[in-house]
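*Asks:* Got a structure for you, questions after.
The values are calculated or read from the model by the stated rules, or taken from the named source; none is laboratory data. Predicted, not measured: the structure shown is a model, and the values here were computed from it. Here the Cβ positions follow ideal geometry from the backbone for every residue, glycine too, while neighbour counts run over all protein chains shown.
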Amino acid sequence: MTCDEAQILLHALLDNELDAGHAREVEAHIASCPACAAELAAQREMKRVLADTKLSYSAPAGLRARIEASMPQARPQPSRRSVLRGFAMGSAVSALAASGVVAVVLRQDDQQRILSEVVSAHLRSLQAGHLIDVVSTDQHTVKPWFNGKLDVAPPVIDLTAQGFTLVGGRLDYVDARAIGAVVYKRRQHIINLFVSQTASTEHRPPKTQTMQGFNCRRWGERGLNFWAVSDIGGDELTEFVDKFEAAMKVNVEG
Amino acid sequence: MPVSDDFQKAQRFREAALPYLDDVYTLARYLLRDASDAEDAVQECYLRALKHFDSYRGPAMKPWLFAILRNVCNAEYARRAHSHAAIEDTPGAADQTPMWQENEASPETEVLRSRDAGAIRKMIDALAEPFKETFVLREINNLSYREIAEAVGAPVGTVMSRLARARAMLRAAWTAEEEHSK
Ligand SMILES: [Zn+2]
């Protein structure tokens, strides 16, 4: 065995990767070669010091949460394709499917779970290629796009003049149901406005909650549930909801 | 029904792959040398892994995840092309550090002072690719030579010579720094 060979194989010896035959050969060379013996001793020492040091890193909790959120959640959610196929099956079937799907009054203890699903949907949307199904800053393009995909198309209101740019719409899933998401931008921040139908027509005033570092402001109005989710500050999100509600009032009454 | 299939697949994936999150993140930190780039790469790695989970045929999940992470990191290297080389053999870097010197100091003088983790991480960070990658996979991620070969797509012999060079380079850097600090 040459020194060049031994200089490589001594590492395999240290790592317990050599079979008995090769191990004996390396040991025989080292017994007769001071240079290789010195190298083996030095490398053994370095390995010992390395083993005593924590050199690994721990993944940040936020990373784990984001990965979890990007996977299909504990409540199975239909893939977008399968639901769209369902919608394409014919109006009778899809109307039947939709009727049981949308008109549900949320129980109080469901609120927290729904909120976490809404935040998950927001996280999913931030991944490349998931944000927008219909890209348009024109409310007259976005709104008709929802027709036929949802029982009740969500109100699509352009708030560009008020500082919140309409960028498009998306079909999403929350609580195993198809739900409309209208997407706005504030500077570089995304705001997802999720809208679903509800049997309750009572007005529920807006309320902000924080989950996984996102602000979520939800309210109920005219038989619809709204969730606005974003990483913008609570004040700005409140401003967004105020402006949305004001514009909606004008739209309805005007 | 495809709905529950998707969910069950994700559940199996979660159980098989998430326990290695720290390992994957550790490799990403050493390869990219940036905490937030590493987070992005790891998230992308898990997305791709879930997507290809159907074609995964075991047995070792770790090397498989590492192989995917390498691809993600190579794309990141390409993006940073001006400052970093991809994980490839860089003969120049390999030749810079001799494997060993004829006039080795005696073993007694070779005892290395223990250093804090931060100092050692910095020295590992400074190793050239593909030696750093091989070193981290072996010494920190605890892969066997065969698993490293699988993860990096190179023969075991190549893994062995890269590892020998990586350790020689690290020790050279270590002793040089001790000389310096004396
Ligand atoms: Zn020798």
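*Asks:* Tell me which residues, restricted to region A:39-54, are away from the ligand (no atom under 15 Å from the Cβ) and polar (S, T, N, Q).
*Replies:* Scanning region A:39-54 gives a single hit, A:Thr53.
*Asks:* Could you grab the pairs with beta carbons closer than 7 Å, sequence gap of 6+ or different chains, first residue in region B:160-177 and more than 10 Å from chain A (Cβ to nearest Cβ) and in contact (Cβ under 8 Å) with a residue 12 or more places away in the chain, second one among the aliphatic types (A, V, I, L, M) and assigned to a helix (DSSP H, G or I)?
*Replies:* B:Ala173/B:Met123
*Asks:* Which residue out of A:Ala59, A:Ala23, A:Ala28, A:Ala37 is facing another protein chain (nearest Cβ under 7 Å) and either over 30 Å from B:Tyr46 (Cα atoms) or outside any helix (DSSP H, G or I) (or both)?
*Replies:* Going through A:Ala59, A:Ala23, A:Ala28, A:Ala37 in turn, just one is facing another protein chain (nearest Cβ under 7 Å) and either over 30 Å from B:Tyr46 (Cα atoms) or outside any helix (DSSP H, G or I) (or both): A:Ala59.
*Asks:* Is it true that some residue in region B:109-119 is modelled with pLDDT of 80 or more, assigned to a helix (DSSP H, G or I) and closer than 30 Å to B:Ala17 by Cα?
*Replies:* yes
*Asks:* What do you reckon, is A:Ala23 over 27 Å from B:Glu178 (Cβ atoms), surrounded by fewer than 19 Cβ atoms within 10 Å (Cβ to Cβ) and touching a residue at least 12 places away in the same chain (Cβ under 8 Å)?
*Replies:* No; evaluated as a whole, the condition is false for this residue.
*Asks:* Oh, and also: State whether one or more residues within region A:16-25 are more than 9 Å from the ligand (Cβ to nearest atom) and at pLDDT 95 or above.
*Replies:* No, the conditions are met nowhere in region A:16-25.
*Asks:* Spot the failing condition for A:Tyr173; the list is (1) buried (at least 18 other Cβ atoms within 10 Å of the Cβ); (2) modelled with pLDDT of 85 or more; (3) in contact with a strand residue (DSSP E or B) (Cβ under 7 Å, 6 or more places away or on another chain), and only one is missed.
*Replies:* Here A:Tyr173 meets the rest and fails (2).
*Asks:* Quick check on this structure: which one of A:Thr208, A:Thr238 is farther than 11 Å from A:Val118 by Cβ and either assigned to a strand (DSSP E or B) or at pLDDT below 90 (or both)?
*Replies:* Exactly one residue qualifies, and that residue is A:Thr208.
*Asks:* Mind checking which residues of region A:170-209 are within 14 Å of A:Glu236 (Cα to Cα) and of a type in the set (Ser, Thr, Tyr)?
*Replies:* Listed by number, the residues that qualify are A:Tyr184, A:Thr208.
*Asks:* If the requirement is being within 24 Å of the chain's Cα centre (by Cα) and without any contact (Cβ under 8 Å) to a residue 60 or more places away in the chain, which of these qualifies: A:Arg177, A:Arg186, A:Arg218, A:Arg204?
*Replies:* Residue meeting the stated conditions: A:Arg186.
*Asks:* List the pairs whose first member sits in region B:115-140 and is more than 10 Å from chain A (Cβ to nearest Cβ), whose second member is among the hydroxyl-bearing types (Ser, Thr, Tyr), and whose Cβ atoms are under 8 Å apart, counting only residues at least 6 apart or on separate chains?
*Replies:* B:Asp125/B:Tyr30; B:Ala128/B:Thr90; B:Glu129/B:Thr90; B:Pro130/B:Thr90; B:Lys132/B:Tyr30; B:Glu133/B:Tyr30
*Asks:* Determine which member of the set A:Cys3, A:Cys36 is farther than 22 Å from B:Arg146 by Cβ, within 12 Å of the ligand (Cβ to nearest atom), out of contact with any Pro (no Cβ under 9 Å at 6 or more places or on another chain) and modelled with pLDDT of 95 or more.
*Replies:* Being farther than 22 Å from B:Arg146 by Cβ, within 12 Å of the ligand (Cβ to nearest atom), out of contact with any Pro (no Cβ under 9 Å at 6 or more places or on another chain) and modelled with pLDDT of 95 or more holds for just one of A:Cys3, A:Cys36, which is A:Cys36.
*Asks:* Inspect all residues belonging to region B:94-102 and state whether any of them is modelled with pLDDT of 90 or more and either crowded, with 16+ Cβ neighbours inside 10 Å or not in a loop (DSSP other than H, G, I, E, B) (or both).
*Replies:* Looking for residues that are modelled with pLDDT of 90 or more and either crowded, with 16+ Cβ neighbours inside 10 Å or not in a loop (DSSP other than H, G, I, E, B) (or both), one finds none in region B:94-102, hence no.
*Asks:* Under 6 Å by Cβ, and 6 or more places apart or on different chains, what pairs join a residue from region A:125-150 that is at positive phi with one that is assigned to a helix (DSSP H, G or I) and surrounded by fewer than 18 Cβ atoms within 10 Å (Cβ to Cβ)?
*Replies:* Taking only residues 6 or more apart or on different chains, not a single pair turns up.
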